[in-house]
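Reviewing the structure listed below.
The values are calculated or read from the model by the stated rules, or taken from the named source; none is laboratory data. Fair warning: this is a prediction, and the values are worked out from it, not measured in the lab. Here the Cβ positions follow ideal geometry from the backbone for every residue, glycine too, while neighbour counts run over all protein chains shown. The area values use the complete protein model at the heavy-atom level, side chains included, leaving out ligands, DNA and RNA. Shrake-Rupley method; radii C 1.70, N 1.55, O 1.52, S 1.80 Å.
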Amino acid sequence: MRAKIIGTGSCLPDKIATNDYLSTIVDTNDEWIQSRTGIQERHLVSSEAENTLSMAVKAAQRALLDADVLPEQLDLILVATVSSDFITPSTACMIQKELNACHATAFDINAACSGFLFALNTVDAYFQTGIYQTALIIGVETLSKIINWSDRSTCVLFGDGAGAVVAKASEEGILASLQGSDGTKGDILICKNRTNNNPYITTETNPDFLFMNGQEVFKFAVTKEPECIQSLLNQAKINASEVDYYLLHQANYRIIASIARKLKLPLEKFPINVDHCGNTSAASIPILLDEVNKAGKLEEGSLLLLSGFGAGLTWGAVLLKW
Ligand code: COA
């Protein structure tokens, strides 16, 4: 049995920060941001009540409704995030409590922007072994809390949000998948956790923010992601043109356009939400999938290829039948 996605949902905070608004905070402008990234605006949490858990729960409830599945029917909840509200309990366990998904096992996965794909692959592996049959998979980020809002090279790029899917063990669904990691290049995109001040160690306790070597990440993305997609297509013996939609991690419009060029495919096959969401890390692919699904673009049997890359470094791709 393989994982078949039977429902989607998403949640974006109401507050929209436009490029013009950001140019009142840091030395930037709409022209620079749009021409370098394709981003016009992003959603940001704007009250204490809005956080990783609240967005994840809303996205999850919408996906469950779409799938016509009750929380108590879930036997697995996986959350991909690098921005949990708590170190422990996991966001997945907190969602389980909020939904009253009393029969589920719940845990988080940290694979940064590849996290949703890694979670989907983990669910698929569990389904193949027969251990679980019905899963909720959520990608959620409140990246705005780990961004340095005085660093113009990163603060304009990211946004907050959540995307969720419900997957069921079925004869058909995921057709093939690939994932990988290269920890040796991890230092080009990092965010340190809290420092240790135990009785033996005295450390500066300044909060650490996300640091990124943008050009190195860009080079990695435009090389690794098309390679990964091509390997997956070869593995599945499918022509690039047979895939109906490529749902790629939404980090930068130029990265997506470069991948489309390398695969010699029209941009119409590459739905975009980076323009209005920015980079929402683990949430970007499930939010995009929900947008495409709710826009009525998917039919039974549509072929979708989901792919992304991120900190770690990590990358992955999943080919599935809708
Ligand atoms: N507004 C205006 N100017 C800015 C700016 C901003 N928001 N951010 C950086 N700049 C400036 C830089 O200071 C630099 O100025 P200088 O030439 O005077 O030193 C200039 O713009 C060029 O900076 P550079 O970093 O070379 O720009 P770039 O063309 O590489 O674009 C990124 C930067 C971040 C958009 C690009 O590298 C990128 O998209 N990388 C991948 C990021 C990514 O995908 N991250 C997510 C991984 S999951």
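Points to keep in mind about this one:
- Computed over the range 122-265, the ratio Rg/Rh where both radii use C-alpha atoms and Rh is Kirkwood: 1.03
- Whole-angstrom Cα spans of the range 1-49 along principal axes, big to small: 52, 31, 11
- Computed from the C-beta positions of E300 and T223, the FRET efficiency with R₀ = 30 Å rounds to 0.30.
- Dipole magnitude of the chain about its Cα centre (Cβ charges: Lys, Arg +1; Asp, Glu -1), debye to nearest 20: 660
- Descending by average beta-carbon neighbour count within 10 Å, the peptides 198-204, 79-85, 33-39, 66-72 line up as 79-85, 33-39, 66-72, 198-204, the highest first.
- At least 20 Å along the helix axis (C-alpha) and Kyte average at least 0.5, DSSP helices within the chain: 52-67, 115-129
- Take the Cβ atoms of H103 and E171, set R0 to 25 Å, and the FRET efficiency comes out at 0.60.
- Kirkwood estimate for the range 1-152, i.e. one over the average of 1/r between Cα atoms, Å: 16.8
- The range 263-322, dipole about Cα centre (Lys/Arg Cβ +1, Asp/Glu Cβ -1), debye to the nearest 20: 160
- Once the Cβ-Cβ distance of I238 and I272 is raised to the sixth power relative to R0 = 25 Å, the FRET efficiency obtained is 0.65.
- Cα-based convex hull volume of the chain per residue, rounded to whole Å³: 141
- Carbon/sulfur fraction of accessible area - the range 1-47, other protein chains in place, 1.4 Å, %: 46
- Farthest toward the positive end of the dipole of the chain, out of T203, T122, A104, is the Cα of T122, where the dipole comes from beta carbon charges about the Cα centre.
- With the simple model of a label 7 Å out from the Cα in the direction of the Cβ, E72 to S47 spans 3.2 nm.
- Label positions at R36 and N213, each projected 7 Å from the Cα along the C-beta direction, are separated by 1.7 nm.
- By accessible area, using a 1.4 Å probe on protein heavy atoms only, the range 150-251 has 48% of its surface on carbon and sulfur.
- The stretch between D182 and I87, if pulled fully straight at 0.36 nm per residue, gains 31.7 nm over its current Cα-Cα span.
- Highest mean packing comes first when the peptides 118-128, 235-245 are listed by Cβ atoms within 10 Å, giving 118-128, 235-245.
- Under 20 Å of direct C-alpha separation, and excluding same-chain neighbours fewer than eight residues apart, K262 reaches these lysines: K219, K224, K237.
- Averaged per residue, the chain has 44 square angstrom of accessible surface, using a 1.4 angstrom probe with ligands and nucleic acids left out.
- Counted charge near R2, where neighbours are those whose Cβ lies closer than 13 Å (Asp, Glu -1; Lys, Arg +1): 0
- Given charges at beta-carbon only (K, R positive; D, E negative), |dipole| of the range 197-269 in Debye: 400
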